[in-house]
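First comes the structure, then the notes that go with it.
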Amino acid sequence: MKLRQSLILIAILFLSTAQISAQGRKSQWELFGGAAFPLSPQEFKDWYKVGGSIHGQYVAFPSPTVGITFGMAVEGFAVDEDAFLDDFGITSSDASIDAELSITELGIGIRPYLTSAEASSQIFLFGMGTYNVLNAKATVKDVFSGYSSTSEAEEKAWGLAAGAGMEIPAGDRFNIILQGLVRFIFTEEENTNFVGVTAGLAF
């Protein structure tokens, strides 16, 4: 299915769930961030540091215990220069590398709650289908000659995310949201996977 058709379907679902939620549990916006821990492929796990993660999403409720989520996220990972150079038997006195990987995600998912809508603290599970854009950039420099070379690459891939979380009251208008998830991105050579741990506000 082409991306354009997918976006149209997402927009239709967004509008229909928003209308339904007006009749039941109130919809909510969520903003949260945290850390992302590389899992695979091995080069991703070995060469990149723990990344940062920022999320924003809208949740509509077709029923009091089921949410439909529409979200966007950005993760950024910086290279572990020492680990990268060590793998190739190069010392930092010979060369330096500055590299980063960013992942932008659009997602739609389902969130079943394990607790009732009336409970003060709520626990939920979730699953999400995602469309991801991965951008990698690296600059390698020869320390002695000063020569440098920069390369960039982009890949677009579908993916899945799954996890669990908790909402805790933080006043009349806000809830604190805590969440852990595993992301699977179906990149060409080998899947790109990482674990995210985030916290933020629902309002």
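Quick notes on this one:
- Phi-derived couplings, Karplus 6.51 cos²θ - 1.76 cosθ + 1.60 at θ = phi - 60°, listed residue by residue for the range 26-42: 5, 5, 8, 9, 9, 10, 7, x, x, 10, 10, 10, x, 10, 7, x, 4 Hz, with x used for Gly and Pro.
- Cα-Cα separations in the chain greater than 23 Å, expressed as whole percent: 51
- Each Lys and Arg Cβ is given +1 and each Asp and Glu Cβ -1; about its Cα centre, the chain then shows a dipole of about 1360 debye.
- Amide H partners (placed H, <5 Å) of Asp80, local residues excluded: Tyr48, Lys49
- By accessible area, using a 1.4 Å probe on protein heavy atoms only, the range 95-203 has 58% of its surface on carbon and sulfur.
- When Trp29, Trp47 are compared by accessible surface with a 1.4 Å probe, the order from highest to lowest is Trp29, Trp47.
- At 0.890 mPa s and 25 °C, Stokes D of the range 122-203 from Kirkwood alpha-carbon radius, µm² per second: 155
- Under the combined filter of DSSP loop state and at most 11 neighbouring Cβ atoms within 10 Å, the range 122-203 retains these trypsin sites (Lys or Arg not before Pro): Arg173.
- The range 51-57 - phi-based ³J(HN,Hα) in whole Hz, Karplus 6.51/-1.76/1.60, Gly and Pro as x: x, x, 9, 10, 10, x, 7
- Per residue, the accessible area of the chain comes to 55 Å², computed with a 1.4 Å probe over protein heavy atoms only.
- Cα pair distances in the range 55-143, grouped into 10 Å bins until the bin that holds the longest one, percent each: 15, 29, 19, 17, 14, 7, 0
- Using the Cβ of Tyr58 as centre and a radius below 13 Å, the other residues enclosed give a net charge of +1, where K and R count +1 and D and E count -1.
- Estimated dipole of the range 58-108 in Debye, rounded to 20 [Cβ of Lys and Arg +1, of Asp and Glu -1, Cα centre]: 600
- Extension gain, Ser145 to Phe174, is 4.8 nm, computed as 0.36 nm per intervening residue step minus the present C-alpha separation.
- Solvent-accessible surface (1.4 angstrom probe) belonging to Asp98, in square angstrom, nearest 10: 110
- Projected area averaged over orientations for the range 23-77, convex hull of C-alpha atoms, nm²: 4.6
The values are calculated or read from the model by the stated rules, or taken from the named source; none is laboratory data. Remember, it's a predicted structure, so these values are computed and weren't measured experimentally. Note: ideal-geometry Cβ built from the backbone for every residue, glycine included; neighbour counts use all protein chains shown. These accessible areas exclude ligands, DNA and RNA; they are computed on the full protein's heavy atoms, side chains included. Shrake-Rupley method; radii C 1.70, N 1.55, O 1.52, S 1.80 Å.
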